[in-house]
Amino acid sequence: MRLLIISPLTGQVSAAAKIAMSRGAKVSQVDDVAAALGTLRAGHGADVVMVDVGLDIAGLVASLKAERIHVPVVACGIGTDTAAAVRAIKAGAKEYIPLPPEADLIAAVLAAVTEESNAVVFRDPAMVAALRMADQIATSDASILIGGESGTGKEVVARYIHRKSRRAAQPMISVNCAAIPDNLLESELFGHEKGAFTGAVARRVGKFEEANGGTLLLDEISEMDLRLQAKLLRAIQERVIDRVGGTTPIKVDIRILATTNRDLEAEVRAGRFREDLYFRLNVVTLTLPPLRERPQDLEPLAEHFIKKYAEANGVPARPLSPEALNKLRSHGWRGNVRELENAMHRAVLLAQGDSIDPDAVQLSGPSTGARPTATAAAPGTAGGAGLVGRTVADVERDLILETLSHCLGNRTHAANILGISIRTLRNKLKLYSEQGVPVAPHGAETDRPHV
Ligand SMILES: Nc1ncnc2c1ncn2[C@@H]1O[C@H](COP(=O)(O)OP(=O)(O)OP(=O)(O)O)[C@@H](O)[C@H]1O
Ligand SMILES: [Mg+2]
């Protein structure tokens, strides 16, 4: 983990730095916010930033947001000055660490803020085969395309491949191509020079340069627009990139992993994805089976998540009762491992007694998983009294899922009917599936999915 400390180097701060280093963090330090932004823009990334309460935390958070530098900010300061801590949190810090530093507290905060468990749990022969293939190709520099439904563990497997690769000591940087607006994705990937466009307040190094020597994960690659696909192809083929507004090409040495939950070959046939880029990325394809097709993974995964959330919540890790396990086995798991993870998180919090009983296992949707569901009441029953007592977020979710299901999963149609952009729709659906709510898979799209 890379920790960037923003504070003049006092005794207290260097003590905190030493603790973080002894726990395996790579620590760098700068004196002020301007220097920190410079470091981050230059591509020396950080997984978490720790900033002195005396500095301009609100300004730092605003700049990070404006420049789309995603890194959690933690504040620190001498003593337990409550007012200072409150100011820091209001300014956008996620946590406050009082100084002098306490070793366990620092370790716990850093772990919580950057929470990322690396375990890949599997037992089913289908996953054994997929992981064996991942082992085989990890040490080569070949590009790998990782396919599979949403929540099947594509990112988990990408991280696994990076850890097993020759680049493991270098960073793995990921970019979610679906989450960043088309017009900003280019500068996100390739960086930009100061003044290249409105809002380009300073030179910024892109993810390609940040990942130099390491691995670049292009998440949801199918969502990249065709124009940018051409630039990506050049970067991969020639191993050079151009910053937006830049004049000299820059050499990069990276390994590319890409994920998609769409059938990329079909996207190529439909003219939405460049064939030459597809062949470049797809030196090897690893397709992760949906959870419902690897039944033997269910139990070890459920146990893994129970342990994880019991520890995180300081409650005992109760075993699953045989009835609860049966309930899991008969569920459709449209949301795959992520849905199971959320279900187990809830179960850990709801369980009472010696074991986790079926009552604590709350699953959404039908047990067969045959039909995309909305947790909504049937259309038409949503009038008047049916709405009172429900939150806007709740009703909105049901409306969106019902409409999507009505459109047989076609996002373009559903967005038109709902009067929202495809991107907004996509972001909402992503949120729902992260919450474990089943979302209808993509249906036939009649026009370009990018808005
Ligand atoms: N084999 C596994 N072992 C442990 N945890 C897993 C495994 N597979 C998935 N998970 C957990 O399930 C969640 C979803 O996994 P991940 O983000 O890798 O899925 P994904 O295929 O990238 O999903 P999406 O298509 O929505 O981006 C994560 O919280 C991850 O930690
Ligand atoms: Mg993913």
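The values are calculated or read from the model by the stated rules, or taken from the named source; none is laboratory data. Small disclaimer: the values here were computed from a predicted structure and weren't measured. Please note: Cβ atoms are built from the backbone with ideal geometry, for glycine as well, and neighbour counts cover all protein chains shown. Note: areas computed on protein heavy atoms with side chains; ligands, DNA, RNA excluded. Shrake-Rupley method; radii C 1.70, N 1.55, O 1.52, S 1.80 Å.
A few comments on the model shown:
- Unmet criterion (only one of (1) of a type in the set (Asp, Glu); (2) open to solvent by 60 Å² or more (accessible area, probe 1.4 Å); (3) touching a Lys or Arg at 6+ places or on another chain (Cβ under 8 Å); (4) under 17 Å from Leu131 (Cβ atoms)) for Glu293: (3)
- Filter result for Ile97 (open to solvent by less than 30 Å² (accessible area, probe 1.4 Å), outside any helix (DSSP H, G or I), at pLDDT below 85 and touching a Leu at 6+ places or on another chain (Cβ under 7 Å)): no
- Subset of the stretch 407-445 [free of Cβ contacts under 8 Å to residues at least 24 places away in the same chain and more than 16 Å from ligand 2 (Cβ to nearest atom)]: Ala414, Asn416, Ile417, Leu418, Gly419, Ile420, Thr424
- Filtered by the rule that a residue be within 12 Å of ligand 1 (Cβ to nearest atom) and of a type in the set (S, T, N, Q), the stretch 139-188 gives Ser150, Thr152, Ser174, Asn176.
- The set of residues from the stretch 212-259 being within 16 Å of ligand 1 (Cβ to nearest atom), farther than 20 Å from Ala168 by Cα and open to solvent by 10 Å² or more (accessible area, probe 1.4 Å) comprises just one member, Glu220.
- Matching residues, the stretch 1-27, being in contact with a helix residue (DSSP H, G or I) (Cβ under 7 Å, 6 or more places away or on another chain) and polar (S, T, N, Q): Ser7
- Criterion (surrounded by fewer than 17 Cβ atoms within 10 Å (Cβ to Cβ), within 13 Å of ligand 1 (Cβ to nearest atom) and free of Cβ contacts under 8 Å to residues at least 24 places away in the same chain) met by exactly one of Val128, Val86: Val128
- Number of the exception - Val121 against (1) in a helix (DSSP H, G or I); (2) away from ligand 2 (no atom under 16 Å from the Cβ); (3) more than 20 Å from Arg2 (Cα to Cα): (1)
- Sole residue being over 26 Å from Leu429 (Cα atoms) and assigned to a loop (DSSP other than H, G, I, E, B), chosen from Ala178, Ala142, Ala134: Ala142
- Any hit, the stretch 193-205, residues being hydrophobic (A, V, I, L, M, F, W, C), in a strand (DSSP E or B) and surrounded by fewer than 23 Cβ atoms within 10 Å (Cβ to Cβ): yes
- Residues (touching a residue at least 60 places away in the same chain (Cβ under 8 Å) and open to solvent by less than 10 Å² (accessible area, probe 1.4 Å)) located in the stretch 341-356: Ala343
- Looking across the stretch 304-320 at every residue that is assigned to a helix (DSSP H, G or I) and crowded, with 16+ Cβ neighbours inside 10 Å, the one that is farthest from ligand 2 (Cβ to nearest atom) is identified as Ala310.
- Qualifying residue in the stretch 223-231 (condition: assigned to a helix (DSSP H, G or I), closer than 16 Å to Ile144 by Cβ, touching a residue at least 24 places away in the same chain (Cβ under 8 Å) and hydrophobic (A, V, I, L, M, F, W, C)): no
- From the options Arg68, Arg87, residue that is outside any strand (DSSP E or B) and at positive phi: Arg68
- Remark: Val240 matches the filter, which requires a residue to be on the phi < 0 side of the Ramachandran plot, among the aliphatic types (A, V, I, L, M) and more than 25 Å from the chain's Cα centre (by Cα).
- Test: Ile57 is open to solvent by 30 Å² or more (accessible area, probe 1.4 Å), touching a residue at least 12 places away in the same chain (Cβ under 8 Å) and within 19 Å of Asp31 (Cβ to Cβ): no
- Filter result (more than 10 Å from ligand 2 (Cβ to nearest atom), among the charged types (D, E, K, R) and either crowded, with 17+ Cβ neighbours inside 10 Å or without any contact (Cβ under 8 Å) to a residue 24 or more places away in the chain (or both)) within the stretch 141-189: Glu149, Arg159, Arg167, Glu186, Glu188
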